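Notes follow the structure.
The values are calculated or read from the model by the stated rules, or taken from the named source; none is laboratory data. Computed from a prediction, not measured in an experiment: that's the story for all the values here. Cβ coordinates were reconstructed from backbone atoms using ideal geometry, including for glycine residues, and neighbour counts include every protein chain displayed. The protein model used for the area step is the full one, side chains on, heavy atoms only, and it has no ligands, DNA or RNA in it. Shrake-Rupley method; radii C 1.70, N 1.55, O 1.52, S 1.80 Å.
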Amino acid sequence: MLIYNTLSKRKEEFVPIDPPNVTFYMCGPTVYDFFHIGNGRSFIVSDIIRRYLIYKGYNVKFAMNLTDIDDKIIQKSIKANVDSNVITSEFTNAFFEDITKLGIKKADIYPKATEHIQDIINLVQSLVDRGMAYDANGDVYYDVGKFTGYGKLSGKKIEDLESGARIEINENKKNPLDFTLWKKAKEGEPAWDSPWGKGRPGWHIECSAMSMKHLGESIDIHAGGNDLIFPHHENEIAQSEGAHDKQFVKYWLHFGFLNIKDEKMSKSLGNFFTAREILSRHNAEAIRLLFAQTHYRGPLSYSEELIEGATKGVEKLSNFYRTLVERIEAHKEGITPQTDIDGYRKKFENAMDDDFNTPQAVAVLFDLMRDVNKDLSLTEGVDYKYLSEVKELIDKTGIDILGVIKLDSEDNSGGLQDELIQLLIDLRLSAKNEKNYAFADQIRDGLEKLGVILRDSKEGTTFRIN
C-alpha cells in the first residue's frame, strides 16, 4: 500500500510502527457552530481511509479531537451572554448528529481540550524545562529558533517567514514567529491555574498533548485539511518533537480544498454551506459518492449539478444492489457467468492501495455493475450462489468502505419530510415569481413556527430544522 506523505512530498510504502496496529489522529471541529461541507469532506475521506485500513486487516485506533476552548467559542458565548460550555455542548451534540447522518463511523476516542488541561500544562512545562519555550509575563511562547526542523512539513524556511512576517507589537516575543503555548487569562474568559498563572492553552498545543496522551509519542497517521499544514501541523511537529526527540508522525495526510462552483467558500460571498444544510436536501450516500469521485488530495468544486449527478449514481448502484438481493432470496439455480468477481476485488484493492484512489475504486464498482447487469439479462437464469459472491464484494466495498449504497432498511421518514418541505419551498418560489409576496411570507413564517428555518442565497433556498 502506497500513501502520499506530505512530509516527504512523495508516495511511500505504508509500514506501521507496530504492525498490525495503526494509530490514526484526525483534527476535528472547533465546536462553536455547525461544521461546513468542506470539513465534511475531510471527515468523510478520513472515514473511508480508516474503513479501508480495517478491511486490510489493521487494528486501527482512531482519535479525533474536539476543540472546546478557543477564541471563537469565547466570542460567541460573550455575544450570547452564556457560559462557553453552553455553546460547546450544543454544537458537540450537533456534530455527532451530523456525522451519524453522513454515515461516518464514530472515532474510538474524542478527546476534548478542556478535559486535558493538566496534560497540556505538563507538555508546556517540559518544553520550558528543555529551553524550547519561555514564559513572558504569564504567556508562554514556543521558541521557533530552537527547533532546527521548523518548516520541514510545509517546506517553508524560517528566514523567508521572518522577512515576510508582519512585525506585530508584542515586546514579549523573542521572534515574531514564536507561537503561543499558554495564554494569560483575560477578564471574563475561562481560565485554569498553571505554573505561569491563570490562563488557557493555545490551539496548537492541544492536539499535540491529546494525540500523545491517547496514541503515544509517535503515531502512524495524522490527517487534516490542506489549510492546517501551516501553521497548525508545522507547530504540532515542533512542539511534540521538541519535547521528546522522537518523530511525531510517520505519515501526514492532507485533504484538498472544497470550492463552491470554482469559488472559495466564504460567508461574504453567500456560498457558505454547512453539512447540515446539504443533508437537508441530499442523502448522505450521494455526498459520500461525490467526495469519493475526486481524489482526496485534489480540490473539489461542489455544485448542485454535481450532487444531483452523484444522487443518480447512488440510485443506480442501490437499484442494482436491491435486484441482487431479490434474486438471491429467490434461491434459483442457473448458470455461473464468466465475470471475474475476484478480478474486480483485486482492481478495487489496487486502486485503494495506490494512495486511496477512490475515483478509480468507484469506477470499479460501476464497471462491476455493468458486467453483472449483462449477466442478469441472460435468458438461462443466473445462479444465486454467483450473485451471492457479487453481493459479498459490494457489501465489503460499496457499503462497508465507501458507504455509497442506500439500503432499504433505512428509515425513510426523514426523506419524505424533506420532500414535503422542499415542495413548500418550491411553492414559495413560485409565489415570489408571481409577486405574491404575502403568500410567500406566509409559507416562510409558517415553516419557521414549525422549526424549519429558510435561508435564501444565490444558490437557491436551503433549510435547517431546529
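Given +1 on the Cβ of Lys and Arg, -1 on the Cβ of Asp and Glu, and no further charges, what dipole in debye does the chain carry about its Cα centre, rounded to the nearest 20?
Computed about the Cα centre, the dipole is about 520 debye.
Under a point-charge model restricted to the Cβ atoms of Lys and Arg (+1) and Asp and Glu (-1), what is the dipole moment magnitude of the range 332-446 relative to its Cα centre, in debye to the nearest 20?
Its charge dipole is roughly 440 debye.
Report for the chain the percent antiparallel among DSSP-assigned beta bridges with both residues inside it, nearest 5.
Taking every DSSP beta bridge with both residues in the chain, the antiparallel ones total about 50 percent.
Considering only DSSP beta bridges whose two residues both sit in the range 1-94, what percent are antiparallel, to the nearest 5?
40
Rolling a 1.4 angstrom probe over the protein chains, ignoring ligands and nucleic acids, what is the accessible area of residue 405 in square angstrom, nearest 10?
About 10 Å², ignoring ligands and nucleic acids.
Going by a ≥ b ≥ c, the root eigenvalues of the Cα gyration tensor, does the range 244-389 fall in the rounded group (a/c under 1.5), the prolate group (a/b larger than b/c) or the oblate group?
Because a/c hits 1.5 or more and a/b fails to exceed b/c, the range 244-389 counts as oblate.
Express the relative contact order of the range 218-370 as a whole percentage, based on alpha carbon pairs under 8 Å and six or more residues apart in sequence.
Relative CO of the range 218-370 lands at 21 percent.
Going by accessible area, probe 1.4 Å, with all protein chains left in place, what is the ranking of 312, 112, largest first?
So the residues, ranked largest to smallest area, are 312, 112.
How large, in percent, is the carbon and sulfur part of the accessible surface of the chain at a probe radius of 1.4 Å?
Answer for the chain is 49 percent, counting heavy atoms of protein chains only.
Report which label in (i) 32.7; (ii) 24.8; (iii) 22.9 holds the value of Kirkwood radius over Cα pairs in Å derived from the coordinates of this structure.
It is the value labelled (ii).
Rounded to whole Hz and in sequence order, give me ³J(HN,Hα) for the range 328-339 from the Karplus expression 6.51 cos²θ - 1.76 cosθ + 1.60, θ = phi - 60°, writing x for Gly and Pro.
With the stated coefficients, the range 328-339 comes to 5, 5, 5, 6, 9, 8, x, 7, 9, x, 8, 4 Hz.
Keeping every protein chain in place, order 25, 110 by accessible area at 1.4 Å, biggest value first, i.e. largest first.
Sorted by accessible area, descending: 110, 25.
How much net charge surrounds residue 313 when only the other residues with a Cβ under 14 Å from the Cβ of residue 313 are counted, with Lys and Arg +1 and Asp and Glu -1?
0
Relative contact order for the chain: what percent, with Cα pairs under 8 Å and sequence separation of 6 or more?
With pairs under 8 Å counted, the relative contact order is 16 percent.
Could you sort 117, 453 by their accessible area in this structure, using a 1.4 Å probe and putting the largest first?
Listed by decreasing accessible area, they come as 453, 117.
Would you work out which of 251, 363, 273 lies farthest towards the positive end of the dipole of the range 248-367, given +1 charges on the beta-carbon of Lys and Arg and -1 on that of Asp and Glu, about the Cα centre?
With unit charges placed on the Cβ atoms, the residue in question is 273.
Checking the a/c ratio against 1.5 first, then a/b against b/c, what shape does the Cα gyration tensor give for the range 39-141?
Oblate shape, in that a/c is at least 1.5 and b/c is the bigger or equal ratio.
Given only helices, namely DSSP H runs of n ≥ 4 each adding -39500 (n - 2.57), what is the per-residue ellipticity at 222 nm of the chain, to the nearest 500 deg cm²/dmol?
It comes out at -14500 deg cm²/dmol, rounded to the nearest 500.
Would you check the accessible area of residue 101, probe 1.4 Å, heavy atoms only, in square angstrom rounded to 10?
Result for residue 101: roughly 120 Å² accessible.
Enumerate the calculated ³J(HN,Hα) couplings along the range 245-260 in order (Karplus 6.51 cos²θ - 1.76 cosθ + 1.60, θ = phi - 60°), each rounded to whole Hz, writing x wherever the residue is Gly or Pro.
Coupling constants for the range 245-260: 6, 10, 4, 6, 10, 7, 10, 9, 10, 10, 9, x, 6, 10, 9, 10 Hz.
Where a ≥ b ≥ c are the square roots of the eigenvalues of the C-alpha gyration tensor, would you call the range 359-456 rounded, which needs a/c under 1.5, or, failing that, prolate if a/b is larger than b/c, or oblate?
It is prolate, given that a/c is not under 1.5 and a/b is the larger ratio.
Read phi for every residue in the range 224-238 and hand back ³J(HN,Hα) as whole Hz from Karplus 6.51 cos²θ - 1.76 cosθ + 1.60, θ = phi - 60°, with x for Gly and Pro.
x, x, 4, 5, 8, 4, 9, x, 4, 6, 4, 6, 4, 4, 4
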